[in-house]
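What follows is a short report on a single structure.
The values are calculated or read from the model by the stated rules, or taken from the named source; none is laboratory data. Here the structure is a predicted model, which is why all the values come from computation and not from measurement. Don't worry about glycine lacking a Cβ; one is built from the backbone with ideal geometry, like all the others, and counts go over all protein chains shown. When the accessible area is computed, the model is the full protein with side chains, heavy atoms only, and any ligands, DNA or RNA have been set aside. Shrake-Rupley method; radii C 1.70, N 1.55, O 1.52, S 1.80 Å.
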Amino acid sequence: MHAQSPIVRRQSRQIHVGNVPVGGDAPISVQSMTNTDTLDVDATVAQIQRLAAAGADIVRVSVPTMDAAEAFGRIKRQSPVPLVADIHFDYKIALRVAELGVDCLRINPGNIGREDRVRAVVSAARDNGIPIRIGVNAGSLEKDLQKKYGEPTSEALVESAMRHIEHLDRLDFQEFKVSVKASDVFMAVGAYRQLAKQIEQPLHLGITEAGGLRSGTVKSSIGLGMLLMDGIGDTIRVSLAADPVEEVKVGYDMLKSLRLRSKGINFIACPSCSRQNFDVISTMNALEERLEDIMTPLDVSVIGCVVNGPGEAKEADIGLTGGDPANLVYIDGKPASKLRNDHLIDDLEALIRDKVREKQQAEQDVIARET
């Protein structure tokens with residue numbers, strides 16, 4: 001099930017956010033944002049560590065004040081992943097975090113005032129090898145664009161983005177990525193499709209303010225799924241009114257479903273029915289919770305009966321098929337053992353972890369031979 005995705009990705013210019021390549025032939029990176037008080041260094045670092053453990057490639061941190069900039073410097077020294085500083089209006093904050101080792105500046109050049117301020121920020125970014133993210137949002141369009149279009153539209157988002165891009169073009173600075181986010185799926189998708197044809201830089205995808213965990217996941221999956229199927233997108237953030245860790249989980253599940261990333265376990269599970277020989281739903285809930293720490297790609301099928309179970313199991317690394325008096329486990333497509341219901345979850349977890357260790361050892365052996 002790890003076959004190559006049929007999606008042909010848009011070819012974009014590659015930049016680097018810290019040690020993470022973005023664009024070009026790099027994997028689509030998953031991003032989230034802290035929602036702690038940046039001045040609370042310990043809480044922010046702890047949340048970044050949880051996000052990294054969940055698989056986040058990049059994390060954005062809001063830096064609204066100069067005090068927050070100083071805190072950001074302490075946070076950056078403890079972060080296991082590259083950090084983007086989210087800055088609005090005050091160019092001095094951008095200059096300070098550039099000194100403190102930020103990996104990317106999220107700042108719109110057109111919003112920081114005079115040309116000399118824009119030039120100072122771009123010079124700091126260039127001198128320190130820091131890319132810039134231009135972030136356009138339907139909720140904060142320029143007043144003249146609101147008047148021109150009457151309301152936020154895809155065209156207005158793109159026009160706003162191109163204005164900010166022009167500032168960087170004048171200074172011959174091409175190390176940037178762009179987002180054109182809206183909470184309306186059609187508006188966001190339309191804007192990204194238009195912009196993808198006009199620039200070569202990477203695009204950061206998001207349906208902004210998508211909603212709570214369930215509704216936001218659905219809305220983001222539809223909008224981002226449409227764009228990813230078009231081959232558009234180099235980084236993504238699933239914006240949820242929920243624990244940011246959930247954003248990372250949903251983002252990876254989205255990319256796994258399109259075969260664009262393969263980190264962690266890909267579960268295939270039936271919705272269950274009266275034919276099931278074990279409680280599929282409680283089994284899946286327990287396995288997902290217990291196995292969140294696994295980042296090795298693995299296909300695991302959990303099917304409650306023999307109708308589709310053997311067929312799915314034969315295509316997975318490990319497959320469980322409900323049976324009476326015991327359930328049948330397939331490993332690498334072949335019948336391997338039987339598990340009874342009284343210790344089903346514990347036994348299945350142990351088999352999965354054994355398989356993960358086997359795959360990890362095989363990968364290490366390949367690396368050792370190549371070196």
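Give me a comma-separated list of calculated 3J(HN,Hα) values for the range 57-67, in order, Karplus coefficients 6.51, -1.76, 1.60 applied at θ = phi - 60°, integers in Hz, x for any Gly or Pro.
So the Karplus estimates, Gly and Pro as x, are 8, 9, 10, 9, 10, 6, 10, x, 9, 5, 4 Hz.
Quick one: of the DSSP bridges fully inside the chain, what percent are antiparallel, nearest 5?
Working: 12 of 44 bridges.
Around 25 percent of the beta bridges assigned by DSSP in the chain are antiparallel ones.
Let me check something: with ligands and nucleic acids excluded, how do Thr153, Thr235 order by accessible area (1.4 Å probe), largest to smallest?
Thr153, Thr235
In nm, what is the difference between 0.36 nm times the number of residues separating Arg119 and Ala326 and their Cα-Cα distance?
67.5 nm
Explain nothing, just the number: relative contact order of the range 255-371, from Cα pairs under 8 Å at least 6 residues apart, as a whole percent.
Normalised by residue count, the contact order of the range 255-371 is 19 percent.
With both partners inside the range 1-109, how many of the DSSP beta bridges are antiparallel, as a percent to the nearest 5?
25
Here is the link list: Lys197/Lys219; Lys263/Lys314; Lys143/Lys249; Lys76/Lys197; Lys76/Lys359; Lys92/Lys147. Which ones come out longer than 27 Å on Cα distance? Please list the in-between numbers first.
Values: Lys197/Lys219 24 Å; Lys263/Lys314 21 Å; Lys143/Lys249 36 Å; Lys76/Lys197 35 Å; Lys76/Lys359 33 Å; Lys92/Lys147 30 Å.
Beyond 27 Å between Cα atoms: Lys143/Lys249; Lys76/Lys197; Lys76/Lys359; Lys92/Lys147.
Between Asp253 and Gln198, what length in nm is gained on full extension when 0.36 nm per residue of separation is reduced by their alpha carbon distance?
16.8 nm
Which value, in debye to the nearest 20, gives the size of the charge dipole of the chain about its Cα centre, when Lys and Arg are +1 and Asp and Glu are -1 at the Cβ?
Here the size comes out at about 740 debye.
Among [x] 70, 58, 48; [y] 76, 44, 40; [z] 61, 49, 43, find the value of Cα extents along the principal axes in Å that was calculated from the structure presented, and write down its label.
Correct label, based on the coordinates given: [y].
Can you work out ³J(HN,Hα) from phi for every residue in the range 285-295, in order, using Karplus 6.51 cos²θ - 1.76 cosθ + 1.60 and θ = phi - 60°, giving whole Hz and x for Gly and Pro?
Coupling constants for the range 285-295: 4, 5, 5, 4, 5, 6, 9, 4, 6, 7, 10 Hz.
Just need the relative contact order of the chain here, percent rounded to a whole number, with Cα pairs under 8 Å and 6+ apart.
Values: 732 pairs, mean separation 49.4, N = 371.
Reported as a whole number, the value is 13 percent.
Contour minus end-to-end for Met295 and Ala368, with contour as 0.36 nm per residue of separation and end-to-end as the Cα-Cα distance?
Between Met295 and Ala368, full extension yields an extra 24.2 nm.
Would you calculate a helix-derived [θ] at 222 nm for the chain, using -39,500 (n - 2.57) for each DSSP H run of n ≥ 4 and dividing by the full residue count, to the nearest 500?
Details: 12 runs with 160 residues, N = 371.
The helix contribution divided over the chain gives -14000 deg cm²/dmol.
Against the longest alpha carbon principal axis of the chain, how many degrees, from 0 to 90 and to the nearest 10, is the axis of helix 185-196 turned?
So the helix axis and the longest Cα principal axis differ by about 70 degrees.
Please report the relative contact order for the range 83-233, taking Cα pairs under 8 Å with a sequence separation of at least 6, and give it as a percent rounded to a whole number. Could the numbers behind the result be given before it?
Working: 237 pairs, mean separation 27.3, N = 151.
RCO, the range 83-233: 18 percent.
Largest first, what is the accessible-area ranking of Asp243, Asp234 with a 1.4 Å probe?
Details: Asp243 65, Asp234 0 Å².
Most to least solvent-accessible, the answer reads Asp243, Asp234.
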